[in-house]
Structure formats: structure tokens, C-alpha cells
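Inspection log for the structure reproduced underneath, given as C-alpha cells.
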Amino acid sequence: MHIGTARNDSPEAPEIVPSAHCVKRFRERMPVRAPGLEEVAVALMAALENADVTRWPPGWAVTDRPAPLWAIAGDLAFPLAPTGLPGRWLAVTCLRR
């Protein structure tokens with residue numbers, strides 16, 4: 001499931017693509033109750049486009065897999081994994097405070 005590519009101002013991660021797992025977790029953790037993907041896609045893309053990209057996870061983000069980069073958007077954290085394409089990163093999941 002590909003819902004789009006978020007364009008971020010970060011020089012380290014100018015493009016972020018959410019995985020299908022990330023989309024699923026975002027829907028579960030956010031109050032998006034409309035059926036279908038449109039409302040989820042709009043909200044998730046906005047969160048990723050406005051996220052701060054950093055090498056450090058927030059203190060509340062617990063995961064068993066370290067990530068080289070994190071996209072932080074308020075109470076949401078997205079661990080990022082390289083995709084093999086320069087500047088494009090994969091948001092593997094969505095964590096909420």
C-alpha cells in the first residue's frame with residue numbers, strides 16, 4: 001500500500017515514505033475514524049512533512065530496533081530506515097506518546 005511520499009525540509013531525509021505497517025499503526029493511534037485511506041493519508045503526510053528529523057528518539061519512544069533517523073511530530077515518532085535511494089527514507093512504524 002503506497003499512499004504517497006512526504007517531502008520534508010530536513011537535508012538528511014527530504015523524502016519519507018510510510019510503510020503499510022506505519023499507515024496501519026497511524027490509523028490505530030490517531031483519531032481517524034473515517035473509512036478508507038483518504039483521511040488517513042492526508043493526516044499522515046502532513047505529520048511526516050512537518051516532522052523534525054533527528055538521530056535521537058524521544059525518551060518515551062520504546063522500540064526493539066534501533067533506527068538511524070527519527071521523524072518526530074508532536075506526540076508521534078516515526079523510526080526511519082534507509083531505502084537505498086539517496087534522500088529517501090522509510091517510516092517503518094508510528095509510535096505515540
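Report, to the nearest whole %, how much of the accessible area of the chain belongs to carbon and sulfur atoms, 1.4 Å probe, protein only.
C and S fraction of accessible area: 55 percent.
Per-residue HN-Hα couplings for region 11-26, Karplus 6.51 cos²θ - 1.76 cosθ + 1.60 at θ = phi - 60°, whole Hz, x for Gly and Pro?
x, 7, 9, x, 10, 10, 10, x, 6, 4, 5, 4, 4, 4, 5, 4
Spin-label point model (7 Å from Cα, Cβ direction): what's the L37 to R97 distance in nm?
3.0 nm
Under a point spin-label approximation (7 Å from Cα along Cα-to-Cβ), what is the E28-D9 distance to one decimal in nm?
Distance between label points: 3.3 nm.
Could you please report the charge total around V40, scoring K, R as +1 and D, E as -1 over all other residues with beta-carbon less than 12 angstrom from its beta-carbon? Kindly include the intermediate steps, with their values, before the conclusion.
Numbers: positive: K24, R25, R27, R29, R33; negative: E28, E38, E39.
With Lys, Arg at +1 and Asp, Glu at -1, the net is +2.
At 1.4 Å probe size, with every protein chain present, just tell me what the per residue accessible area of the chain comes to in Å².
Value returned for the chain: 58 Å² of accessible area per residue.
Could you give P(r) for the chain, binned at 10 Å from zero, as whole percent values over all Cα-Cα pairs?
The distribution over the chain is 17, 56, 25, 2, given as percents.
Taking the Cα-to-Cβ direction at N50 and at A81 and moving 7 Å from each Cα, how far apart do the two end points lie in nm?
In this crude label model, N50 to A81 measures out at 2.8 nm.
List the residues whose amide H sits under 5 Å from the amide H of L69, counting only those 5 or more places along or on another chain, with H placed 1.01 Å from N in the peptide plane.
Counting only residues 5 or more places away or on other chains, the set is L80.
For region 1-54, which trypsin sites (Lys or Arg not before Pro) are in a loop by DSSP, counting at most 16 other Cβ atoms within 10 Å?
Details: sites: R7, K24, R25, R27, R29, R33; in loops: R33.
For trypsin sites (Lys or Arg not before Pro) across region 1-54 that sit outside H, G, I, E and B with at most 16 neighbouring Cβ atoms in 10 Å, the list reads R33.
Given Cα pairs under 8 Å that are at least 6 residues apart, what percent is the relative contact order of the chain?
32 percent
The values are calculated or read from the model by the stated rules, or taken from the named source; none is laboratory data. These figures come from a predicted structure and were not determined experimentally. Backbone-built Cβ (ideal geometry, glycine too); neighbour counts: all protein chains shown. Protein only, heavy atoms only, side chains kept; ligands, DNA and RNA dropped before computing areas. Shrake-Rupley method; radii C 1.70, N 1.55, O 1.52, S 1.80 Å.
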